[in-house]
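Data block below; observations after.
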Amino acid sequence: MEELNLQIQKNLDENNKLTCKKALELLKQYSKEDFQASIKKMDVKISDCELGQFGKLNKNIAKSEILEKLETKLDSKRRISCKDALECAKNFNMVDMRATLKTYKIDVKYCELGCFEEKKGKKFHIKSKIWVENPDGELLFGKGKTDILELVGECGSISQAAKQLGINYKKAWLYIQDLEKNMKEELLIAKKGRGSEAGSKLTPRAYELIQNFKILQQDVEEYTNKRFKELFFKKNQEKDKT
């Protein structure tokens, strides 16, 4: 235990916190029980969760192939254990894994480092949803159309994207046509044939729309969660300060 304590102390950052990445490296050398006991005794906090549950590590773009892998491990509440998520992540880029968990609202349970131990009892969560309408009040752009565009970009096929989302081809195609009509911009380039050039490809503008909508959604979620805590848990926050 003394050697483990020294290793933890050695890897602390300037804020006396241990990053999740370094903590997971230590778990390869020591037992989970010993590690959790040591950080609890030393009162060491874990920062920057590798799976994006807390901290500010970068996220890239959600990947359908990662989602397919995660789906096999989800429980009835669409949660995945930290151990299973990390195992899945071995075959993918971690920034893509974080993005996929975030985009498809998959929660991680049973943290390998013991970070979620304090989450007991009922918890309240604020949900927010944004979309863009045209001047007639018709839906122009939202999460659904973002998902379609993103999957078309990954699969290179509207039919494959529609299949993964559980909708028919015609509905997916009409979504894209409606979006192009309202935006007055080309978002999809379709080429017929059987070669490598065949299929559907997104234009740079389509990728820009996807990324900007995700940034907007994340900004709105961060603000609403912060404001929710300020308004509904104000008394608790005041108690913590005293």
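The values are calculated or read from the model by the stated rules, or taken from the named source; none is laboratory data. All figures in this text were calculated on a predicted structure; none of them were measured in a lab. Backbone-built Cβ (ideal geometry, glycine too); neighbour counts: all protein chains shown. Accessible surface areas use protein heavy atoms only, side chains included; no ligands, DNA or RNA. Shrake-Rupley method; radii C 1.70, N 1.55, O 1.52, S 1.80 Å.
Using beta carbons and a limit of 9 Å, which pairs, at least six apart or on different chains, have the first residue in segment 1-23 and touching a residue at least 60 places away in the same chain (Cβ under 8 Å) and small (Gly, Ala, Ser) and the second one crowded, with 18+ Cβ neighbours inside 10 Å and outside any loop (DSSP other than H, G, I, E, B)?
So the pair list comes out as 23/8; 23/35; 23/39; 23/46.
Is it true that some residue in segment 98-107 is in contact with a helix residue (DSSP H, G or I) (Cβ under 8 Å, 6 or more places away or on another chain), at pLDDT 90 or above and among the small types (Gly, Ala, Ser)?
no
How about segment 183-211: which of its residues are open to solvent by 80 Å² or more (accessible area, probe 1.4 Å) and either at pLDDT below 85 or part of a helix (DSSP H, G or I) (or both)?
In the first step, residues of segment 183-211 are kept if they are open to solvent by 80 Å² or more (accessible area, probe 1.4 Å); the result is 184, 186, 191-192, 194, 196-197, 201, 204, 207-208.
Correct list: 191, 192, 194, 196, 197, 204, 207, 208.
For residues in segment 86-108 being basic (Lys, Arg) and either open to solvent by 40 Å² or more (accessible area, probe 1.4 Å) or assigned to a loop (DSSP other than H, G, I, E, B) (or both), which is nearest to residue 56 (Cα to Cα)?
Initially, segment 86-108 is screened for residues basic (Lys, Arg), giving 90, 98, 102, 105.
Add one more test, that the residue is either open to solvent by 40 Å² or more (accessible area, probe 1.4 Å) or assigned to a loop (DSSP other than H, G, I, E, B) (or both), and what stays is 90, 102, 105.
Details: 90: 21, 102: 13, 105: 17 Å.
Only one residue fits best here, namely 102.
Of all residues in segment 117-137 being in a loop (DSSP other than H, G, I, E, B) and open to solvent by less than 100 Å² (accessible area, probe 1.4 Å), which is modelled with the lowest pLDDT?
Going residue by residue through segment 117-137, those that are in a loop (DSSP other than H, G, I, E, B) are 117-131, 134-137.
Going one step further and asking which of them are open to solvent by less than 100 Å² (accessible area, probe 1.4 Å), we end up with 121, 126, 128, 130, 134, 137.
Working: 121: 46, 126: 77, 128: 82, 130: 89, 134: 82, 137: 85.
Selected residue: 121.
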